[in-house]
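Peer 1: Can you read through this structure? Questions will come right after.
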Amino acid sequence: MSLGFFIIRRLLLTIPLLIGVTLISFVLAHIVPADPITANLGQRAISDPTIVAAFRAQWGLDQPLPAQYAVYLRNLLSGNLGVSIHSRRPVLDDLRAYAPATIELATTATLLGVSLGLLLGVLAAVGRGKLIDSVARFVSLIGLSAPVFWLALIALAVFYVRLRVVPGPGRLDATIKAPPTISGLLILDSLFAGRWDALRNAVGHLILPSLVLGSYSMGTITRITRAGMIDSLAQDYVRTARSKGLRERIVWFRHAFRNALIPVVTVIGLTYGTLLSGAVLTETIFAWPGIGRYAYLASTTLDFPAIMGVSLFLSLIFILINLVVDVLYYLVDPRLRAR
Amino acid sequence: MFTVQAKIKRSLTLLAMSALALTMAYSQRVSAQSKALVIGIAENTTSLDPARAFEPESGIILKGTYDTLVTFPPDNVDKIVPDLATWTISTDGLTYTFTLKDGLTFSSGNPVTANDAVFSFNRMKNIKGNPSFLAATISSVSAPDAKTIVLKLTTPDPAILAKLVYPAFAVTDSAVVKQHGGTDAADADKSDTAGSWLDNNSAGTGPYVLTQWDKHNQTTLVRNTKYKGTTPAFDQVILRDIPQAATQKSSLETGDIDIAYDLTPDQSASVKGNSSLKLFEGAGNTVFFLLMNQDKTIGGPLSDPKVDQAIRLALDYSGVLKLTGGSAVTPASVIPVGFADAFGTDKALTRNLDAAKKLLADAGQSSGFTINLEYPDFTYQGVNIGTTAQKVQADLKDLGITVNLKPADVQVALANYRTGKSAFALWFWGPDFIDPQDYVEFLPDGIVGKRANWTSANSDPAIQKVRDQLNIETDTAKRTALFAQMQTYLQQNGPFAPIVQPGIQIGYRADLKGFAYNAQWIIDPATFSRQ
């Protein structure tokens with residue numbers, strides 16, 4: 001099947017998928033044996049029937065469940081994701097406010113994690129059996145097994161408090177005014193506005209949480225790259241390339257490395273999607289105003305519109321990433337194209 | 001060595017060096033922003049509209065941006081003092097007349113008139129939000145002239161002045177609020193649209209003006225240029241959302257924040273040992289207690305007052321204090337230590353296992369029994385409720401009572417607790433307003449009393465009489481006597497066993513002057529200055 005047809009079919013399937021997601025998250029959110037009024041009204045307010053009634057009416061909670069779902073779907077079709085109960089702001093505005101922070105963090109984390117992982121994996125494969133191999137594998141082990149919240153706290157204590165080489169939590173210093181929001185990504189927005197102070201500060205704030213968040217993918221990718229390269233290097237085509245007289249560097253990178261990349265693409269897709277769903281722990285420790293924290297607050301306060309909005313958003317992201325990964329496979333692996 | 005390896009090593013070093021250079025360029029920490037006070041706090045604000053706000057953090061912000069008719073002194077809650085107005089009370093306690101001070105203006109430049117107060121109070125009541133219960137006893141508020149406000153109550157309310165300190169009763173600039181969709185009409189809960197504007201701007205008389213609330217990131221206040229009182233030392237107050245206590249402490253140590261609001265007891269030693277920091281330790285407002293259901297079909301053996309007293313005497317209070325740490329105290333009753341008319345911690349019960357065993361035997365339960373203890377499984381105000389429940393379990397084992405722990409997510413556990421279906425539960429109460437009157441809700445037919453199914457039907461007429469008198473008595477000396485009676489009674493009777501009152505720890509930079517703690521607004525940003 002042609003690539004174009006493939007993409008279109010996948011995109012069309014997305015719509016029923018997303019509707020299914022809304023139904024499942026609606027049902028799950030309402031199965032929980034708790035009531036949003038207990039989460040949102042104080043101890044006195046909840047004893048006053050007038051206040052409770054006003055709250056229920058305001059949020060449509062006095063309607064029967066199927067009616068609530070129908071209202072939600074109807075609003076969804078006109079692009080209205082509802083109003084968040086705990087932020088009292090349209091969910092779309094909330095997503096617009098918090099998603100870019102997570103996208104920026106997840107992207108830098110993935111970039112750092114992947115590049116470090118690839119580097120370490122190659123070094124480990126090149127220096128197989130030597131010290132560099134052990135060091136690389138040890139570092140990858142830390143990334144894989146150290147709990148991310150522990151890494152975050154240690155990183156803050158060492159690099160921020162003790163050594164003062166990085167700025168602290170948050171996306172920007174308190175006293176630096178944020179550049180006007182265009183994309184929501186501070187790096188881009190600072191560039192657009194020509195604000196070098198904000199750019200430097202934003203990059204500084206990104207380093208530590210990105211390293212911490214990217215540590216797991218770094219660990220995974222180191223191992224996969226190392227194994228993939230060792231595997232490739234044992235293949236016949238490498239012996240052929242060497243016997244053709246090609247320099248080692250070409251053998252390594254044009255032949256062995258490229259073929260080792262295929263499983264790496266899958267891992268990148270998976271980890272990027274996971275990171276985008278918002279690493280609650282990292283975001284909480286680094287005071288990063290992202291989707292993870294928003295989702296956590298939404299679920300603990302039974303904020304139905306926000307819960308549904310976040311579920312929809314994240315499902316969409318995963319669907320798109322999977323699509324991109326599949327397309328990348330198609331492009332990277334000539335064997336798929338030949339069919 | 002392959003050239004590949006050498007090249008990789010070279011590019012790695014280059015990468016590392018440039019990364020370091022970038023961060024070094026940052027690390028000239030923008031220091032001692034003497035013009036901005038930065039507070040690190042776990043954001044819990046849902047609204048900055050005084051008619052809707054009801055959280056401690058919004059209390060700090062609203063203290064800086066608005067004023068009320070009356071207030072507390074800077075560092076205690078023992079008496080009410082004038083803020084925007086002075087007052088008189090009618091002899092029947094049903095009419096309060098306030099006279100506004102002269103020359104007051106809002107941050108917009110508009111003069112403060114009695115109509116602004118009337119508008120603000122009615123709006124708050126009619127929006128029917130979280131704080132509107134504070135106006136429950138107000139039947140009407142009117143402005144006979146530009147400087148006089150008359151408040152009429154439905155029944156004498158001894159705590160009304162304390163309630164008026166609450167930012168819900170802030171005097172807002174009615175012209176500005178109306179301009180942005182505000183209304184005080186009876187259907188304000190549906191028709192008022194000023195909420196979102198007030199979330200990012202203020203319309204008050206305070207020393208600061210709200211300029212921005214970047215949700216879950218930071219809130220910024222700047223100096224009100226039209227403020228008539230003492231100019232605050234800081235031009236800007238920034239509240240940064242830092243949800244983790246460990247991160248707050250890190251930021252305090254580097255000086256990126258000046259005040260860390262949510263420190264925990266186990267961080268106290270480290271902060272106290274740091275010469276560039278100071279630690280404020282005080283008693284909090286929250287009391288944790290055990291609830292013992294008085295309905296026999298629900299509470300079983302706990303419906304017997306002798307069993308309840310046995311449990312009160314069997315708790316190892318000093319052990320719980322050690323567990324909680326910090327500046328926690330054992331309360332003598334459900335009224336927090338430090339409140340007006342509250343017994344001091346010296347009057348608190350102590351463990352008396354022998355007396356407890358005797359009471360249990362008298363109740364016919366000498367062979368003990370099994371009971372489920374329900375509680376929300378999280379840490380609140382520094383108290384790990386799960387660990388405290390385990391301590392209760394261990395303490396009661398010594399009495400022969402087997403306690404089965406039944407933790408649940410807070411939202412789930414709340415349902416049973418609020419509907420009076422818990423036989424035995426561990427919960428807490430934070431004051432709705434800073435006055436012992438709030439704790440009358442622990443008496444029969446009160447909000448909390450009902451949760452223990454303690455009603456007029458199954459309680460002592462003597463305590464009902466105390467309750468009824470407390471609801472109408474406004475004379476301060478008589479109230480002190482009545483509260484003493486109530487607390488003494490509750491130490492021997494009733495369905496509650498207060499366990500611990502956790503402390504609060506607020507860390508701040510040593511060069512910050514003017515720290516004052518008030519149980520109502522916690523800290524007032526306008527009192528601080530830097531040495």
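Read-outs: derived from the displayed coordinates by stated rules, not from any lab. Every value quoted in this text rests on a predicted model; they were computed, and no experiment measured them. Every residue, glycine among them, receives a Cβ derived from its backbone with ideal geometry; neighbour counts consider all protein chains shown.
Peer 1: Can you tell me the alpha carbon radius of gyration of segment B:196-344 divided by the globular rule-of-thumb value 2.2 N^0.38 Å?
Peer 2: Values: Rg = 22.2 Å, N = 149, 2.2 N^0.38 = 14.7 Å.
The value comes to 1.51.
Peer 1: What's the average, rounded to a whole number, of partner chain beta-carbon atoms within 10 Å of each residue's beta-carbon in B:242-252?
Peer 2: What the average comes to for B:242-252 is 6.
Peer 1: Choose one of A:THR266, A:ALA241, A:TYR216: the residue whose Cα lies farthest towards the positive end of the charge dipole of segment A:199-285 (beta-carbon charges +1 Lys, Arg; -1 Asp, Glu; about the Cα centre).
Peer 2: Final value for the positive-end residue is A:ALA241.
Peer 1: Sticking with this structure for a sec: What are the semi-axes of the equivalent ellipsoid of segment B:245-294, taken as the square roots of 5 times the eigenvalues of the Cα gyration tensor, listed largest first and rounded to whole Å? Intermediate values should be presented prior to the final figure.
Peer 2: Details: eigenvalues 187, 24, 17 Å².
Ellipsoid half-lengths, sorted descending, are 31, 11, 9 Å.
Peer 1: Still on this structure: If amide H atoms are built 1.01 Å from N in the plane of the peptide, which residues on other chains or at least 5 residues away come under 5 Å of the amide H of B:ASP262?
Peer 2: Here B:ALA42 satisfy the definition.
Peer 1: Shielding by partners for B:403-410, please: the mean number of other protein chain Cβ atoms within 10 Å of each residue's Cβ. Working shown, then result.
Peer 2: On the way: counts 0, 0, 0, 0, 0, 2, 4, 4.
Taking the mean over all residues of the peptide, I get 1.
Peer 1: Out of every Cα-Cα pair in segment A:16-78, what percent are more than 12 Å apart?
Peer 2: Details: 1439 of 1953 pairs.
Of all Cα-Cα distances in segment A:16-78, 74 percent exceed 12 Å.
Peer 1: What are the semi-axes of the equivalent ellipsoid for chain B, taken as the square roots of 5 times the Cα gyration tensor eigenvalues, largest first, in whole Å? Intermediate results must be reported in sequence, preceding the final value.
Peer 2: Values: eigenvalues 346, 263, 78 Å².
Value: 42, 36, 20 Å, ordered largest first.
Peer 1: For segment B:115-182 and segment B:373-420, write down the distance between their C-alpha centroids in whole Å.
Peer 2: One Cα centre to the other: 39 Å.
Peer 1: Same structure, new question: Among B:GLU55, B:GLU253, which comes first, second and so on when ranked by fewest other beta-carbon atoms within 10 Å? Intermediate values should be presented prior to the final figure.
Peer 2: Values: B:GLU55 17, B:GLU253 22.
Neighbour counts put them in this order, fewest first: B:GLU55, B:GLU253.
Peer 1: Let me ask something additional. Which links in B:LYS358/B:LYS406; B:LYS35/B:LYS178; B:LYS63/B:LYS226; B:LYS190/B:LYS450 stretch past 22 Å when you go from one Cα to the other?
Peer 2: Values: B:LYS358/B:LYS406 28 Å; B:LYS35/B:LYS178 33 Å; B:LYS63/B:LYS226 16 Å; B:LYS190/B:LYS450 31 Å.
From the list (B:LYS358/B:LYS406; B:LYS35/B:LYS178; B:LYS63/B:LYS226; B:LYS190/B:LYS450), the Cα-Cα distance tops 22 Å for B:LYS358/B:LYS406; B:LYS35/B:LYS178; B:LYS190/B:LYS450.
Peer 1: How much space per residue, in cubic angstrom, does the convex hull of the C-alpha atoms of segment B:329-487 take up?
Peer 2: Values: hull volume 21.5 nm³, N = 159.
That works out to 135 Å³ per residue.
Peer 1: With springs only between Cα atoms under 10 Å, which of A:PHE192, A:PHE26, A:PHE304 fluctuates most in a Gaussian network model of chain A?
Peer 2: A:PHE192
Peer 1: With a/c under 1.5 counting as rounded, go ahead and sort segment A:264-306 into rounded, prolate or oblate using the C-alpha gyration tensor (a ≥ b ≥ c being the square roots of the eigenvalues; past the cut-off, prolate if a/b is larger than b/c, else oblate). Kindly include the intermediate steps, with their values, before the conclusion.
Peer 2: Working: a/c = 3.84, a/b = 1.78, b/c = 2.16.
Oblate is the answer for segment A:264-306, as a/c is 1.5 or above yet b/c matches or exceeds a/b.
Peer 1: Karplus couplings for segment A:105-116 from phi (6.51 cos²θ - 1.76 cosθ + 1.60, θ = phi - 60°), rounded to Hz, Gly and Pro as x?
Peer 2: Rounded to whole hertz, the list is 5, 5, 5, 5, 4, 5, 4, 5, x, 5, 5, 5.
Peer 1: In whole Hz, with x marking every Gly and Pro, tabulate ³J(HN,Hα) for segment A:4-12 from phi via Karplus 6.51 cos²θ - 1.76 cosθ + 1.60, θ = phi - 60°.
Peer 2: x, 4, 4, 5, 4, 4, 4, 5, 5
Peer 1: So how strong a dipole does segment B:100-181 carry about its Cα centre when Lys and Arg Cβ are +1 and Asp and Glu Cβ are -1, to the nearest 20 debye?
Peer 2: 220 debye
Peer 1: Which of rounded, prolate, oblate describes segment B:63-188, given a ≥ b ≥ c as roots of the alpha-carbon gyration tensor eigenvalues and a/c under 1.5 marking rounded, otherwise prolate only if a/b is larger than b/c? Could the numbers behind the result be given before it?
Peer 2: On the way: a/c = 1.40, a/b = 1.16, b/c = 1.20.
Here segment B:63-188 falls in the rounded category.
Peer 1: What whole-number distance in Å separates the alpha-carbon centres of segment A:189-205 and segment A:139-179?
Peer 2: Cα centres, segment A:189-205 to segment A:139-179: 19 Å.
Peer 1: Starting from the coordinates of the alpha-carbon atoms of chain A, obtain the Kirkwood hydrodynamic radius over all distinct pairs and give the value in Å to one decimal.
Peer 2: Numbers: mean 1/r = 0.0436 Å⁻¹.
Taking the inverse mean of 1/r over all distinct Cα pairs, chain A comes out at 22.9 Å.
Peer 1: Expressed as a whole number of Å, what is the distance separating the alpha-carbon centroids of segment B:186-217 and segment B:240-314?
Peer 2: Distance between centres, Cα-based: 31 Å.
Peer 1: Here is a further query. Send over the per residue convex hull volume for segment A:1-127, Cα only, as a whole number of Å³. List each step's numbers first, then the result.
Peer 2: Working: hull volume 26.7 nm³, N = 127.
About 210 Å³ per residue, rounded to a whole number.
Peer 1: Work out the mean other chain Cβ neighbour count within 10 Å for the residues of A:154-163 and drop it here as an integer.
Peer 2: Details: counts 0, 0, 7, 4, 0, 1, 7, 6, 3, 2.
Per residue, the number of nearby Cβ atoms from other chains is 3 on average.
Peer 1: Which value, in Å³ per residue, describes the convex hull spanned by the Cα atoms of segment A:241-281? Walk me through the intermediate numbers first.
Peer 2: Working: hull volume 2.8 nm³, N = 41.
Taking only Cα atoms, segment A:241-281 has a hull volume of 67 Å³ per residue.
Peer 1: Something else about it: Using each residue's phi in segment A:164-170, evaluate 6.51 cos²θ - 1.76 cosθ + 1.60 at θ = phi - 60° and report the 3J(HN,Hα) Karplus result to the nearest Hz, with x for Gly and Pro.
Peer 2: Result, rounded to whole Hz: 6, 9, 10, x, x, x, x.
Peer 1: Using the charge dipole of the protein assembly as shown (Lys, Arg: +1 at Cβ; Asp, Glu: -1 at Cβ; taken about the Cα centre), state which of B:GLN381, B:PHE169, B:LEU313 has its Cα farthest towards the positive end.
Peer 2: Of B:GLN381, B:PHE169, B:LEU313, it is B:GLN381.
Peer 1: Here's another thing I want to ask about it. Hey, can you grab everything whose amide H is under 5 Å from the amide H of B:PHE428? Only 5+ residues off in sequence or another chain; H modelled, so Pro and N-termini drop out.
Peer 2: Here the answer is B:PHE289, since their amide H atoms fall under 5 Å of that of B:PHE428.
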